[in-house]
1. All other residues with a Cβ under 14 Å from the Cβ of VAL47 taken together, and with Lys, Arg as +1 and Asp, Glu as -1, what is their net charge?
2. With Cα extents along the principal axes in Å as the read-out, I listed (1) 48, 38, 22; (2) 52, 25, 25; (3) 33, 24, 23; which label goes with the value calculated from this structure?
3. Net charge within 15 Å of ALA30 by Cβ-Cβ distance, Lys/Arg positive one each and Asp/Glu negative one each, not counting ALA30 itself?
4. Figure the gain on full extension for ALA100 and ARG14 (residue separation times 0.36 nm, minus the Cα-Cα span) and round it to one decimal in nm.
5. Given labels modelled 7 Å from the Cα in the Cβ direction, how far is it in nm from GLU65 to ALA44?
6. Which pairs in the list LYS12/LYS107; LYS12/LYS67; LYS11/LYS64 are over 25 Å apart, alpha-carbon to alpha-carbon?
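Computed from the coordinates by the stated procedures, all read-outs in this text should not be read as laboratory data. Just so it is clear, the structure is predicted and the values come from calculations on it, not from any experiment. Note: ideal-geometry Cβ built from the backbone for every residue, glycine included; neighbour counts use all protein chains shown.
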Amino acid sequence: MQFSQRLEEIKKDRRMTNKEIGELCGASEAAVRSWLSGAKVPAADRVATLADALGVSIDYLYGKEQKKRPAVLHDKALSELMNEIKDFDAEDMRRMIDQACLISAAKRSASKP
């Protein structure tokens, strides 16, 4: 599978626009269109930035790896939140973890027959 096909697959799976993909790596919509058409491939540093932002490996984007690593930062809101978390103090982190535990427990309870 080629870079253009992988990027198109991710774009569709995550319901992203060309603009959103470009914003992840500092590229224009026109550049993203050229990548998706297969006319061009982005520079290596841009591919690395894109892979990190999409939560996949560079090898996956280039089609050398079949298995995706977990996509953690697949949408803009989550990506922005992750950037803010790095500035949390210990109390903020404790509250965030408590909330995550509550959500997880609720999901486990809901999935039980």
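1. My count for the surroundings of VAL47 gives 0.
2. (1)
3. Value of the local net charge: +1.
4. The ALA100-ARG14 span can extend by a further 28.7 nm.
5. 1.6
6. Distance filter (> 25 Å) returns LYS12/LYS107.
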